[in-house]
Structure formats: structure tokens, C-alpha cells
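Heads up: the structure comes next, in C-alpha cells.
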Amino acid sequence: MLLLVLGLVWFVVRYQRGQLRQQQELAQLQEAAQQQALAAALVAQEDERQRIAAELHDGVGTILALAKLHLFAPGSPPSPEASALIDQAVAEVRRISRNLQPATLQQLGLTQALRALVQAVPADHGPEVRLEQEGTLGRLIPPHELMVYRIAQELLTNGLLHAQAPHIVLRLGVQQPGLLTLTYSDDGQGFDLAALEELPPPGPHGQPVGMGLINLRSRVAVLGGQLHYQSQPGAGTRVEAILPVTLLPVGTPTPTFTLNS
């Protein structure tokens, strides 16, 4: 009887361990599938950005330029107001195109692209935005360079829209090769982090979620990184993204810049 009981206990324990191992393996497979789906969705998003940027630059921009030529055709009285509006539209198309497909990122790298992003914030009627860097950062492989840029862009955009802060700081830290820390901080109104974490994900029609949590989490997750928040009402906000990245070898030519690289 004792041997029978011991055998039964051993069988139950072994069965439970097998079930637990199967559940863990299934959870890992599901997580891997989610990450692949997420990466594919972000690739599609970047492809769409590039397509729209090309259409804006080559299509709408060309049409506006032709409209200006016809506006000042011989025998037609010039209209300064119309010309100014067209020039404004051309400038806006170029700005949107640059945001959708940042040429500076491909040509000069992440640091210069982030500096251009910060300098694009109007100094006369916006917060003071600074970019700080700790350590020397080389070129990253294109998918990682683009993903880090999008994370910084999301952080800065949300800060400009919601923080109501007089000062914003983006800090790029390189503690060791292959590990990058991107930190956003402001002295704005802050938010209730506990309440924000309880918000549901965006609905089928894209209902907004505060501070762009979904976009940030998605992009950080694709890189296999970590995201940490510190905020409370009236005390500003600090967001830290710890991102494993892959550096290009020194002397590598400027890479073709696509997320599929």
C-alpha cells in the first residue's frame, strides 16, 4: 500500500510538472507569435509612412509647384496672397514628408536626427527642449535606428501635447556597447500612473490611450527592451526605455534605410 501511494504521488507530481512545462512552452510560443505579429505590423506601418511621404513629395509637391507656375503665367496679374499660401503649403508638405521619412536619420545617424527633431520645436511659443547624450554612439543597424527614433518621436510628441511643461529633456545614454538608454523627462503637470495603467487598449476605431502607452510599449517590445515610468500629478514625468541594439561595424557604408533590413 505504501509503495502504491508513493507511486501514485510520484505520478501526480510528474503529471503536474508536465502540465506546467506544457503551459510554459505554450505561453512562450504565444508570446513569440505576438512579437512576430507586432513586428510585422510595425514594418507595415513604416512601409505606409514611406509610401505616403513619397506621394506627398512627388505628387502633391509637384502639383503645388505647377499651380504656382500657372498662377504667374504671362498676362495674368500676380497674386501675392495666393503665392504665399502655395509657399506655405509646399513648406507644410515638406515638413510632413520629413517627419514620415526622416532623411537625416539615414544620412547622419540617430544622434543628428534626434537633434533635428528637438530643434524643430518652436522656441518662441513652445517648451524649452534639450537633447543630452552620455557616451559615444555609432551607427545602428537600420531597423534599430529607426525604432529608437520612433520611440523618441512618440515620447516628445506626447510631451508636447499633454505635459504642459516649460522644460523637456531627451537623454541618450550608452552605458555599454549594444545597450542604449533613452530617457524622457519634463517638469509638467504629470499624471496618475496607476489610473493610466488601468485604461483599456485602443478600440477598433483607434480610441486614444493616454501618453501613447500602446505605441511605446509595442516598439520597445519589438526591440526586447524595458520601459519604466515615473509620474504623479503636479510633479512632472520621467520615462526610461532600456533598449538592446545592434551596432554597425566601424567603417560600414551608409545603409539602405528600411525596417526590413
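Read-outs: derived from the displayed coordinates by stated rules, not from any lab. In this text, all values refer to a predicted model and were calculated from it rather than measured experimentally. Glycine gets a Cβ as well: all are built from the backbone with ideal geometry, and neighbour counts include every protein chain shown.
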Mean 1/r over distinct Cα pairs of the stretch 100-176, inverted to a Kirkwood Rh in Å, yields 13.1 Å
Given a Förster radius of 35 Å and the C-beta distance between residue 89 and residue 25 as r, what FRET efficiency does 1/(1 + (r/R0)^6) yield to the nearest 0.05? 0.05
Amide H neighbours of residue 129 under 5 Å, at least 5 residues apart or on other chains, H built in the peptide plane: list them. 168
Whose amide H sits under 5 Å from the amide H of residue 188, counting only residues 5 or more places off or on another chain, with H placed in the peptide plane? 236, 237
From the phi angles alone, apply the Karplus equation (6.51, -1.76, 1.60; θ = phi - 60°) to the stretch 149-156 and give each ³J(HN,Hα) in whole Hz, x where the residue is Gly or Pro. 4, 5, 5, 4, 4, 5, 4, 5
Taking H as built 1.01 Å from N, whose amide H comes closer than 5 Å to the amide H of residue 139, not counting residues under 5 places away? 248
